[in-house]
Amino acid sequence: MPELPEVETVARDLRALVVGATIVGAACDWPATVQTHTPEALAETVSGRVIEAVGRRGKRIVVELSGDRALTVHLKMTGQLFVVTSDTPSDRHVHLVLALDDGREVRFRDVRKFGRVGLYARSEVGELETEEGEASPLAGLGPEPLDPAFTLRAWRQRIRGRRGRLKSLLTDQGFVAGVGNIYADEALWRARLHPLRTAGTLRPDDERRLYREVRAILTEAVERRGSSIDDYTAPEGDGSMQERLDVYQREGEPCRRCGRPIRRIVLGIRATHFCSFCQRLPAVDRPGAARILAAGVARERALARRAAKAAPRAGGTGARAPGSGSDGRPARRGPRWTEAAAEGALGLTPAEAARAAARARTERTRRAAATRRAAARGSAVAPAPESADGQPGVDEG
Ligand SMILES: [Zn+2]
């Protein structure tokens, strides 16, 4: 899912392309995409409004319109925004189109259809609310980690007294806005802190390292236009941060610090990646972590059983559930989860076989994502209109 750097990149691209343009119409073929209005009401309300600014808050893009309105876009899993000329061929995954007065369109393409768009009234102080006075989707968000006002002192005040474990704390949007699975894993690896460590065990030096690394990884990722993994791409093209990630989707590959294989555990519904040697868990956190891991084992096994039942016994081609072997039975993915819970996640290395399997799986994921992105760009993107000097983009003046 796109996180702060990816959403920031989309917002910046969009800003350069559409600020100053007037919306002349809107069409939506999947009503659930628009949270606040029917497609007809949305079209009626946005038509005639000028796009005044494009920004970001947390993982949402905020498009400010004339007349004190704002559109918010949450890309969720697979949302993509493109700005194209209206004669560009579309595809069935484009669910919302904003027509602009210069013959271009902003297209929201969303394969899984989890993405959400909202239209809000904008108050004088920039707060958003629905016409019925309901609260903004931005209410309750934690501070922006790259905001200059987000100082080490502010971070310490925030993290002290929190009881959560670091991974869930970092990805809690109410704690700090915009950090998700990728950059939480990366920041924790860089700061040498175990994802299951509790915030209460951090010493002042740990707090400072984590603060520094969260901001450093996000800053670098923004500079590199985000990580183009899964379906993420931006109006002006892919990012390159995926080449710089140290742990995310590197299960089984050697840690860039110590050479031991990167581990992957499932917490809740998300995979977490870390080095169990570089990111030691303090003894006081081990019993609690073991319980969490054991719950993960049980869940993983239940999923594997379900996948095995759903998969055809023979002749299945390509429709296998992740984690299933070629015969439809769950594949053994390295050490059993119970072993991971008891030992591996807390310090031991997994077997060579697990490394090879993990590498193959990661490579398949990457190849599939690259193929999907290429297909998406081919169907939804045309060259941006060029200005007189041949440079793509929009007149700055
Ligand atoms: Zn390591």
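The values are calculated or read from the model by the stated rules, or taken from the named source; none is laboratory data. Note that this is a predicted model, so its numbers are computed, not measured. Note that each Cβ is placed from the backbone with ideal geometry, even for glycine, and that neighbours are counted across all protein chains shown.
For this structure, a couple of remarks:
- Residue check for Gly296: away from the ligand (no atom under 16 Å from the Cβ), touching a strand residue (DSSP E or B) at 6+ places or on another chain (Cβ under 6 Å) and not hydrophobic (A, V, I, L, M, F, W, C): yes
- Any chance Leu100 is of a type outside the set (Phe, Trp, Tyr) and either farther than 25 Å from Leu170 by Cβ or free of Cβ contacts under 8 Å to residues at least 40 places away in the same chain (or both): yes
- In summary, Leu193 fulfils each of the numbered conditions (1) more than 23 Å from Arg367 (Cβ to Cβ); (2) within 16 Å of the ligand (Cβ to nearest atom); (3) outside any loop (DSSP other than H, G, I, E, B) with the single exception of condition (3).
- Residue in the range 239-253 that is farther than 27 Å from Glu8 by Cα, assigned to a loop (DSSP other than H, G, I, E, B) and either charged (D, E, K, R) or at pLDDT 90 or above (or both) present: yes
- Sole exception among (1) out of contact with any strand residue (DSSP E or B) (no Cβ under 8 Å at 6 or more places or on another chain); (2) modelled with pLDDT of 95 or more; (3) of a type outside the set (D, E, K, R) for Gly140, by number: (2)
- Looking across the range 204-235, the residues that are away from the ligand (no atom under 16 Å from the Cβ), acidic (Asp, Glu) and at pLDDT 95 or above come down to Asp205, Asp206, Glu207, Glu220, Glu223.
- Arg280 passes every criterion in (1) surrounded by fewer than 18 Cβ atoms within 10 Å (Cβ to Cβ); (2) free of Cβ contacts under 8 Å to residues at least 40 places away in the same chain apart from (2).
- Asp29 being surrounded by fewer than 23 Cβ atoms within 10 Å (Cβ to Cβ), over 25 Å from Gly174 (Cα atoms) and under 23 Å from the mean Cα position of the chain (by Cα): no
- Test: Thr9 is in contact (Cβ under 8 Å) with a residue 40 or more places away in the chain, among the polar types (S, T, N, Q) and out of contact with any His (no Cβ under 6 Å at 6 or more places or on another chain): yes
- Test result for Gly126, modelled with pLDDT under 95 and either under 30 Å from Ala41 (Cβ atoms) or within 16 Å of the ligand (Cβ to nearest atom) (or both): yes
- Selection count, the range 265-290, where residues are within 14 Å of the ligand (Cβ to nearest atom) and touching a helix residue (DSSP H, G or I) at 6+ places or on another chain (Cβ under 9 Å): 8
- Residue among Arg209, Arg263, Arg286 that alone is basic (Lys, Arg) and not in a helix (DSSP H, G or I): Arg263
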